[in-house]
Amino acid sequence: MNDMVGSSLAICGVFDKISKVAATEMPVLLTGETGTGKELTAQAIHARSVRKQGPFVPINCAAIPETLLESELFGHERGAFTGAVHQKKGKLEAAVGGTLFLDEVGDLLPSLQVKLLRFLQEGTFERVGGQETLHVDTRVIAATNVDLKTAIDHNRFREDLYYRLGVLHIHLPPLRERGEDALLMAMVFLQQAAATTHKPIRGFSAQAIEALRTHPWPGNVRELSNRVRRAVVMCEGAEITRQDLDLGCEDLHATDSLDSLRAAHQRIETELLVKALTLHRGNMSRIARDLQVSRSTLYRKLKQYGLEKITPMLTQPLVSTKTRRKPSGNSHPSEQSAVMINESPVAASFEPASQVP
């Protein structure tokens, strides 16, 4: 996925499902904790569907007052209620030919659940205060962090609507279950924030890297993004520290369980690759020399751990607060900086992970 970063088995499974469901016109239900990237996933589905030229219209069902949500979703006729001086089209009509993204769908009132169910079954609805039955061609993608099955048991969500929405279901894993993805995303967020602030930050300190790995991330990707952006602002040196991330020492001891030999091997390989990439700014020849592997093995490892997606960003010069190279016509602002974790040479045993029993 162009806008999604990760190489863990959990997120690769999500990427595979996105590609499959994008080719259909069926409703999709996205579930997962807050901050796991449900809207980004919905956008990825839309961008790969036949509706990609149409609008992508999001609406947060929990953020709009209950008295206004029906009008926002289905529209209203003039005079439908006090203050309705003009006819208004709702989000369903605004998304014609495209995708309507219903975020926090588990918070819909029962009366709106009935209207939404009817639209999903028949493709029809009426505006608030209207008599005309309207038919629109809009795909619905819904998302929630609520356990809808529990909500059904407590009569807070309609079972028939659940099965209608969940024809295709994608569960987004929490960041704590995505292995080294936190470090990969932290690097990308750092590139973007450093380019925006024009600060010559080279990377993360060793303690910061360990903190990124061990923090449980209750706020998931949203928390990671916010912490890295804050760290870039607070950082006074060339490296982001654990203190800049506002991650305490307790995070370093958050897990007492031992890694499996394979998991430990992969973790060490990822750290070495990250250090080598940032130290040599993506120069493959120098990286292969320091790691004492062939270029073909290096490329295979980069692909295995999803690092090939961020390698192009590391080939650009560091951002300077005094001078900046004028970006070329095809470059992205985030490509005008580079991350460097430390200045020490990188060298270690680098056997293929497949050889670990």
Legend entry - Accessible area of residue 153 in the full protein assembly, 1.4 Å probe (Å², nearest 10): 120 Å²
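Just need the Rg to Rh number for the stretch 192-241, please, alpha carbons only, Kirkwood Rh.
Rounded to two decimals, Rg/Rh equals 0.96.
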Legend entry - Per DSSP, loop chymotrypsin sites (Phe, Trp or Tyr not before Pro) in the stretch 1-89 with at most 13 further Cβ within 10 Å: 81
Inset, instruction - Please work out the Cα convex hull volume for the stretch 145-241 and give it in Å³ per residue. - result: 127 Å³
Legend entry - Residue-normalised accessible area of the stretch 74-215, expressed per residue, 1.4 Å probe, Å²: 44 Å²
Legend entry - In Å², nearest 10: area of residue 169 left accessible to a 1.4 Å probe: 90 Å²
Legend entry - Furthest towards positive pole of dipole, 206, 248, 231, structure part the stretch 182-252, Cβ charges: 231
Inset, instruction - Quick one: accessible surface of residue 308, probe radius 1.4 Å, all protein chains present, in square angstrom to the nearest 10. - result: 80 Å²
Legend entry - Rounded Å value of the spacing that divides the Cα centres of the stretch 1-43 and the stretch 101-177: 18 Å
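Kirkwood-based Rg over Rh for the stretch 1-81 (C-alpha set), two decimals?
My calculation puts Rg/Rh at 1.07.
Leaving out ligands, DNA and RNA, and with a 1.4 Å probe, what % of the accessible surface on the stretch 140-200 is carbon or sulfur? Could the numbers behind the result be given before it?
Working: 1290 of 2720 Å².
On the stretch 140-200, the fraction of accessible area on carbon and sulfur atoms equals 47 percent.
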Legend entry - D (Stokes-Einstein, µm²/s), Kirkwood Cα radius, the stretch 17-158, 0.692 mPa s at 37 °C: 210 µm²/s
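The values are calculated or read from the model by the stated rules, or taken from the named source; none is laboratory data. Computed from a prediction, not measured in an experiment: that's the story for all the values here. Note that each Cβ is placed from the backbone with ideal geometry, even for glycine, and that neighbours are counted across all protein chains shown. To get the accessible areas, we keep the full protein, side chains included, count just its heavy atoms, and leave off ligands, DNA and RNA. Shrake-Rupley method; radii C 1.70, N 1.55, O 1.52, S 1.80 Å.
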